[in-house]
Each structure stands twice: as C-alpha cells, then as structure tokens.
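Colleague: Right, I'll just put the structure down here and ask away after.
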Amino acid sequence: MTAEEFNRCVDLYSDSIYRFALKMLKNTDLAMDNVQDCFERLWVKHREVDFAKAKSYLFTSAYHAAIDSIRKEKRKLEYAGEAFFETSTSNGYSDAKEIVDKAVEKLPEIQKSVLLLRDYEGYSYEEIGEITGLNESQVKVYIYRARLFLKEQLVSIDNLI
C-alpha cells in the first residue's frame, strides 16, 4: 500500500471506524484512541496489507482493540472493588433511539459487536466472520440471538415504561 492509498483509507474509513468503536466503547476518548491505534497498525503493516483489504483489516483491528479496551476497563473496575448497579429512573418520556441503545447495551459483547457490524455498518456475514474470527454460521447465530433479545426487550411493556 502506498502513502496515497493509506491517506485515502483514512479519508474513507476513519468515520465509520470511529462510529463502530464509539458504539462498542461508549467513550469518545477511547473510541478516538482506538481509531488512532488502528491506523497506526495499518501504517506499520502498510507494505503487507493490500489496499483492497484495508477496510477489513481496519475493522478487524478496531474490533480487537475494542474488546481489549472493554476487558481492561472491567479489570480496572474489579481491581478497584467498585460495583455499579443499574438504576432505573422514570421521567415519563423516552426517545425510541434511547430505548434501542439501552437494549443494545444489555447484549453480550460478541452479540453486540456482530449486530453493530451487520446492522449499523452493513457488513456481510462473511466479512463479519473475517473481522471477528468466527465462522459464518456462528455469526448468523449471534445476530439471530441478538435480534431476538432486542425484540423481547423492545416489546416488553416493562422495559418501555
């Protein structure tokens, strides 16, 4: 990959990688760091990575970096001995996007990541499998389970009030 192709990758993919990382990490600073790290890794391996495969390489890198960050944050919380409890507040009105986002947050990490790659970023099952290291049937199962969980969460009147 040439320097011009690398710069083109930055222009083409940085926003979508940032959105993906932000959805996974829920922290703008961590998401920005994730994007920066992904492009740094790409530049280090720019001679080995073909321009046509750069998008897949970047999202794979972003996925693994996000998982590492999540695990690191969990270890920090466990080490500090802090316990976080979800509290429910009822203000009488909730935007539909907020409800969906809250439901997505309740998903296990692997289901959340494959769902985001499929429904938010538009990747095919095969591409998601390459990014996450899962086979195509596993990806389909995780997406099915995630959608089923979201359906249950969004249909339940208890979750909407």
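What follows draws every value from the coordinates through simple rules; no lab data is involved. As the structure is a computational prediction, the values presented were derived from the model and not from experiment. For neighbour counting, all protein chains shown are included, and Cβ atoms are generated from backbone atoms with ideal geometry for every residue, glycine included.
Colleague: Here is the link list: 112/140; 97/140; 26/112. Which ones come out longer than 21 Å on Cα distance?
Modeller: Too far apart for the 21 Å limit: 97/140.
Colleague: How about residue 74: which aspartates and glutamates have a C-alpha closer than 14 Å to its C-alpha, ignoring those fewer than 8 places off in the same chain?
Modeller: Within reach: 82, 109.
Colleague: So, one more: Using alpha carbon centroids, what distance separates the stretch 120-155 and the stretch 7-71, in Å?
Modeller: 20
Colleague: Let me ask you something else. Grab the Cα-Cα distance for residue 10 and residue 126, subtract it from 0.36 nm times how many residues apart they are, and report the gain in nm with one decimal.
Modeller: Stretched out fully, the residue 10 to residue 126 stretch lengthens by 39.4 nm.
Colleague: Using θ = phi - 60° and the Karplus form 6.51 cos²θ - 1.76 cosθ + 1.60, what ³J(HN,Hα) does each residue of the stretch 39-44 get, whole Hz, x for Gly and Pro?
Modeller: Computed from phi, the couplings for the stretch 39-44 are 6, 5, 4, 5, 5, 4 Hz.
Colleague: At R0 = 25 Å, how high is the FRET efficiency between residue 100 and residue 53 if r is their beta carbon distance? Nearest 0.05 is fine.
Modeller: My answer for the efficiency is 0.20.
Colleague: Once fully extended, how much extra length lies between residue 119 and residue 75, figured as 0.36 nm per residue of separation less the alpha-carbon to alpha-carbon distance?
Modeller: So the extension gain works out to 12.9 nm.
Colleague: Residue by residue through the stretch 114-127, what is 3J(HN,Hα) from phi via Karplus (6.51 cos²θ - 1.76 cosθ + 1.60, θ = phi - 60°)? Round to whole Hz and write x for glycine and proline.
Modeller: 5, 5, 5, 5, 6, 8, 9, 9, x, 6, 7, 4, 5, 5
Colleague: Convert each backbone phi in the stretch 10-27 into a coupling constant with the Karplus relation 6.51 cos²θ - 1.76 cosθ + 1.60 (shift: θ = phi - 60°), then list the ³J(HN,Hα) values in order as whole Hz, x for Gly and Pro.
Modeller: The phi angles translate into 4, 5, 6, 10, 4, 5, 6, 5, 4, 4, 4, 5, 5, 5, 6, 9, 6, 8 Hz.
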